[in-house]
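I have placed the structure first, in the form of C-alpha cells, so that the comments after it can refer back to it.
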Amino acid sequence: MADIKRESELLAEIYRNTHYALNSISDILPETEDEALREELKKMHDGYERISGKAAICARDKGIELKEPNPVKKAMMWGSIKMNTMKDDSRAHIAEMMTQGTVMGITALTRSIGDCKDCTDKEVLSIAEELLHLEENYENVLRNYL
C-alpha cells in the first residue's frame, strides 16, 4: 500500500513539474525576442508536453487522479514573469529565470525519486527519471544563453 501512495505522489510531482514548466514557457515566450532562445523554449515545451502526456496516461491506467496545479500559484508565476521581464527582457535574464525554475524542478523531482527508489512500479520511476534527464539537459542548454 505504501508503494502505491509513493508512486501516486511521484506521478503527481511529474505532472505538477511539467505543468508549471509548460505554463512558465507559455508565459515567457511572448516576452522573448531572441529567436534562438525562442526555438529552444519551444523545444523545451514539446519535451515537457510529451512527459506530461506519459504521466497522464500512466495515471489513468492505474486509476490515479492527477490534480491540476494550484491556480493561485500559476497566477503568481505569471505575474512574476511579467514583472521580471518588464524590468529586463534580455536573453540572459530570461535564460536565468528559466534556469531557476528548472533547478527548482530538478530538486523537487530528485527528492521525489529518492522517496520512491524502492517502489515496485518501474514505469512511474522511468517517467520520472526521463523528466529528470530532460530537465538536466535543459539546464545545460539554458546556460548557453546566460
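No lab work stands behind these numbers, since they all come straight from the coordinates. Note that the coordinates shown come from a computational prediction; the quantities given were computed from them, not determined experimentally. Note that each Cβ is placed from the backbone with ideal geometry, even for glycine, and that neighbours are counted across all protein chains shown.
With 18 Å as the limit, the listed pairs 5/122; 5/62; 5/67; 54/122; 5/117 all fall inside it between alpha carbons.
Remark: the Cα gyration tensor places segment 26-96 in the oblate category, a/c being 1.5 or greater and a/b not exceeding b/c.
Cysteines in the chain lacking any other cysteine Cβ under 4.7 Å from their own Cβ: 58. At 20 °C and 1.002 mPa s, grab the translational diffusion coefficient of segment 1-123 from Stokes-Einstein with a Kirkwood Rh over Cα pairs, rounded to a whole number in µm² per second. Diffusion coefficient, whole number: 138 µm²/s. For the chain, a Gaussian network of Cα nodes joined below 10 Å ranks 121, 89, 27 by mean-square fluctuation, and the top entry is 121. For segment 88-146, applying the loop criterion from DSSP together with a ceiling of 13 other beta carbons within 10 Å to the trypsin sites (Lys or Arg not before Pro) yields 117.
In the chain, the calculated helix contribution to ellipticity at 222 nm averages -28500 deg cm²/dmol per residue, counting -39,500 (n - 2.57) for every DSSP H run with n ≥ 4.
Residue separation times 0.36 nm, minus the C-alpha to C-alpha distance between residue 86 and residue 103: what's the value?
Values: separation 17, 0.36 × 17 = 6.12 nm, distance 2.28 nm.
Computed gain between residue 86 and residue 103 is 3.8 nm.
Here residue 74 is the anchor, and the aspartates and glutamates within straight C-alpha reach of less than 12 Å, apart from those fewer than 8 places off in the same chain, are 27.
Sort out for me the Cα centre separation of segment 4-58 from segment 97-128, rounded to whole Å. Result: 13 Å between the Cα centres. Think of segment 1-134 as having a plus end and a minus end, set by charges on the Cβ of Lys, Arg, Asp and Glu; of 79, 21, 99, 79 sits farthest toward the positive end of this dipole.
Given springs between every Cα pair under 10 Å in a Gaussian network model of the chain, which of 57, 25, 127 has the largest fluctuation? Of 57, 25, 127, the Gaussian network model singles out 57 as fluctuating most.
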